[in-house]
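Accompanying notes for the structure given below.
The values are calculated or read from the model by the stated rules, or taken from the named source; none is laboratory data. If you're wondering where the values come from, they're calculated on a predicted model, not measured in any experiment. The protein model used for the area step is the full one, side chains on, heavy atoms only, and it has no ligands, DNA or RNA in it. Shrake-Rupley method; radii C 1.70, N 1.55, O 1.52, S 1.80 Å.
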Amino acid sequence: MKLNYKNQMILAIGLVVVFYVLAVVFRNLLFRTIGLCLCGLLYAIHPVVQESEASNKELKRVVRIAGIVLIFIGLFTTV
């Protein structure tokens, strides 16, 4: 499976949903943190944009930064 824009969005949403469900089932917020960090790491390592914007290097850098921000949100919002 090649990770294009659509597949990576589905994978990221699936990761977050699965780990949030695990957090509710096991009553442990660590699962929520892991899910958000994995999702952010996915975008930090492999930034994807829509095909019409594939040549825009600045946009890929912004997607990487957004992935890193998502990691920080996951790490610092554990209650």
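Observations
- Stretching Gln50 away from Phe26 to a fully extended chain increases their span by 5.0 nm, per 0.36 nm per residue minus the current alpha-carbon distance.
- Relative contact order [Cα under 8 Å, 6+ residues apart], the chain, whole percent: 32
- Among Gly35, Gly14, Gly67, the largest mean-square fluctuation in a Gaussian network model of the chain, built with springs joining Cα atoms closer than 10 Å, belongs to Gly14.
- Among (1) 15.1; (2) 13.0; (3) 12.5, the entry derived from the coordinates for Kirkwood radius over Cα pairs in Å: (2)
- Of all complete DSSP H helices in the chain, those with a Cα span along the helix axis of 30 Å or greater and a mean Kyte-Doolittle hydropathy of 0.5 or more are 5-26.
- Within the chain, helix-based [θ] at 222 nm, where runs of 4 or more DSSP H residues each add -39,500 (n - 2.57), nearest 500: -25000 deg cm²/dmol
- Across Arg32, Arg61, Arg27, the residue with the most accessible area heads the list, and the full order at a 1.4 Å probe is Arg27, Arg61, Arg32.
- Of Lys60, Lys6, the residue with the largest accessible area leads and the full order is Lys6, Lys60 (1.4 Å probe).
- Rounded percent of accessible protein surface that carbon and sulfur make up, the range 9-53, 1.4 Å probe: 74
- Accessible-area order (highest first, 1.4 angstrom probe) of the listed residues Ile65, Ile45: Ile45, Ile65
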